[in-house]
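First comes the structure, then the notes that go with it.
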Amino acid sequence: MDMDIHDPHVLLYIKTIGYPTMFFLMVVEGPIATILSAFAASLGFFNIFIVLFLSIAGDMLGDVILYALGYFGGTRILEKASRLLKAQPEFIRKMERRFQIHGRKIIIAVKSTTGLCWLTFIAAGSFRMDFKKFLSGSFWGGIIWSSFLVAAGYFFGYAFEEISSHIRSAGIIIFISFVIFYVLVTLYKKYQARKIIKSNGNGGE
């Protein structure tokens, strides 16, 4: 039996199961879930503003989970996270000093510019950063990052609609473009993370 995606009942069903699933995926893997959800929103499956709200909320919940890991796990969890990124002890000490002065600014900057999010949020909990300031930084950083991802996903969806009426293989073109975009963003954030760790681990401020 074929499913008509334009049927109002089908759309209602997709939205009913889609939003909760979307939110869960945004907590686990926010960027790719947000882009795909915004893509679907541009095709009429979801409300773009709800997608943005869920992206910010899911992102913040993920941040809080990492903060809690650091808060209750203490230095033991932080040390394990640092070893995974090959961060030197000096880098962690500098991070702690900066958290004491610029905690909220660090959270905002890290969310949108580097791949150090999970290490930074674990560190914030381990250093006992004020939770209200942490949430504030997570919120404003989330607005910047989620808005960027939603705009990107919506653009890919819009491009798909425009191109598909002229090119039969539009789906493949858009998919390849999406993969290239996501890989480039991921590589950039990882490059920034390595750069920060290396410069601060070698005595740079």
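No lab work stands behind these numbers, since they all come straight from the coordinates. None of these values were measured; they are calculated from a predicted model. For neighbour counting, all protein chains shown are included, and Cβ atoms are generated from backbone atoms with ideal geometry for every residue, glycine included.
In plain terms, the residue of LEU135, LEU52 with the fewest other Cβ atoms within 10 Å comes first and the most crowded comes last, giving LEU135, LEU52. Remark: the range 28-39, residue by residue, has Karplus-estimated 3J(HN,Hα) of 7, 9, x, x, 5, 5, 5, 4, 5, 5, 5, 4 Hz, where x stands for each Gly or Pro and the curve is 6.51 cos²θ - 1.76 cosθ + 1.60 at θ = phi - 60°.
Phi-derived couplings, Karplus 6.51 cos²θ - 1.76 cosθ + 1.60 at θ = phi - 60°, listed residue by residue for the range 55-62: 5, 5, 5, x, 4, 5, 4, x Hz, with x used for Gly and Pro. Sequence-ordered 3J(HN,Hα) estimates for the range 144-149 from the Karplus curve with 6.51, -1.76 and 1.60 and θ = phi - 60° stand at 5, 5, 5, 4, 4, 5 Hz, glycine and proline given as x. Taking 0.36 nm per residue of sequence separation and removing the Cα-Cα distance, the GLU29/ILE176 pair yields an extension gain of 50.9 nm.
Taking the number of Cβ atoms within 10 Å of each Cβ as an exposure proxy, the fewest-first ranking of VAL183, VAL64, VAL150 is VAL183, VAL64, VAL150.
For LYS133 and LEU184, the difference between the fully extended length at 0.36 nm per residue and the C-alpha to C-alpha distance is 15.3 nm. Taking amide H as placed 1.01 Å from N in the peptide plane, the amide H of MET129 sits under 5 Å from none that are at least 5 places away or on another chain.
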